[in-house]
Structures are given as C-alpha cells and as structure tokens.
1. For residues in segment 271-285 being more than 24 Å from the chain's Cα centre (by Cα) and part of a helix (DSSP H, G or I), which is modelled with the lowest pLDDT?
2. It is to be established whether one or more residues within segment 67-88 are out of contact with any helix residue (DSSP H, G or I) (no Cβ under 7 Å at 6 or more places or on another chain), surrounded by 13 or more Cβ atoms within 10 Å (Cβ to Cβ) and over 30 Å from residue 5 (Cα atoms).
3. Which of the following residues is within 25 Å of residue 85 (Cβ to Cβ), in contact (Cβ under 8 Å) with a residue 60 or more places away in the chain and loosely packed, with under 13 Cβ neighbours inside 10 Å: 25, 29, 20?
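The values are calculated or read from the model by the stated rules, or taken from the named source; none is laboratory data. Note that the structure is a prediction, hence the values are computed from the model and not measured. Every residue, glycine among them, receives a Cβ derived from its backbone with ideal geometry; neighbour counts consider all protein chains shown.
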C-alpha cells in the first residue's frame, strides 16, 4: 500500500485535493501576478516610480476591459486544463466532456435558462433582504444607472469564464470524486468547505462569511449532483457574479448569510415535496 495510492492503485482523494488547491492558487496568482509585474517593470523603465508603476499596473490589469476579458477567458481555459491534467496525467484515465458535466444533452438549454433564472432570483433576494435590514437604500433602477452595454459585455466574458472555470474544477472534478469516495452528504460538504476557504482567501474571512459561503456552495453542489450539468451551475455562478459586480449594489455579510440559508432551505423543501423537480434536474442518461 502506497502513501499516494490506495490498494486499488487510485491516487488518494487527499492528494488530489492538495493538487487541486496548489494548481488553482497557482493559476489564480499567475494570471494576475505575471502581467502586473511585467507592466510594472515596463512603466518603471519609462520613468515612473516603483510604487506608482505598481498601482497603475494593478488598475490596468484588474480593471481594464480588455485585460478583464483576457483574464476571464484564460480562467475558464485553465480550469479545463487543470482538470484534464488531473484526469489524464494523475489518474491516468480518459478525459471526456461528460466526466466534468460539459456534455451537451437535450435538456442543456433548459438547464442554462434555469441557472440564469436562479441567479436573478438570488440577486432579487439579496436586494430584498438588504432593504429589510436597512443596508441598502437604493432602488433597482438607481442601482442600474451607469451600467452600459460595453461594461455588461466585459463583465459577462470575465465572470462567465471565471464561473465555468471554477465549476469545472470544484464541481465537475473535486465534488464528483469526493462524492464517490465519501458519499453525497460528506462529498458535497467537503467540496463546499474547500471552495469557500479558497474563494474567500483574498477577502475578509469571518465565521459569518465562511458559514454563508458554505451554505451557498452546498446548494450549488446539490444542484450539480442532481443534474450532472455544469451548464446549470456554471450559468448560476457566472450570472450571479455578473449581477453582484456590475449593478451598483452591495449586500452585507449577514444579509448574504440569510439569503444563502433560505436558498438551501427552499431547495431541501422543494426536493422533499416535489419528485418532479428532482426528475427535471436529474441526468436523463
């Protein structure tokens, strides 16, 4: 028995999780760090001070429309590359689109629409809870002011690419393996915890934001487990990020936790009371 492989010769789940985390963090850093450092060096050569050059480079790379589109597109492609490497090289298995939920089926257009609708419903819930808590005084029309077609297109490419890239890695690969090894409950939970911690690593991580994130990603994990479709969760993830990062509206940590708790509760109730919903989401194959 090997430390890396189990008795059947498969790479242990713990090692696969470690590889996913290392590759995910490396890609996230490199897609931003390398362009910023190269542009900073170029600006310094042109006469700017190091501090000013670094500030300018951060603004250009992280806020410029062209760079945002490049980063979003590369994030999606790198997510696929990470999973291909893990399946083909580490597991020595055949990579197929179906293994990561990206095979196109008859119900895929419906699931894309469903993911988009769910994202809008979540956003509406954020706004309603924000108003109830008194943390948002702006109306939806006021929040939409200044959002033009060009900005929306930029955000669409950026966040759809990032959303699908992250879902391929964590739902399409990690959750599938975790569920196979640990069972549905623990597999979905472990994936949600790992993704929440990685997703919030650059933000203010607190018990409230951690619990809020875990509930949200459990909900999305359950939807993926039922549908086996990355089109559903990828659109839900991407459109939700588009709305939250495009519309001039900000929800508090407590407000987000309330919305995510309600979303998880509603999903559990609906699945318990309506087998038709489970059948609609389930993989027809």
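1. Within segment 271-285, the subset more than 24 Å from the chain's Cα centre (by Cα) is 272-276, 279, 284-285.
Filter once more, so that each one left must be part of a helix (DSSP H, G or I): 272-273, 275-276, 279.
Working: 272: 80, 273: 79, 275: 67, 276: 63, 279: 58.
Taking the candidates together, the pick is 279.
2. yes
3. Values: 29 fails: in contact (Cβ under 8 Å) with a residue 60 or more places away in the chain; 20 fails: loosely packed, with under 13 Cβ neighbours inside 10 Å.
Matching residue, one of 25, 29, 20: 25.
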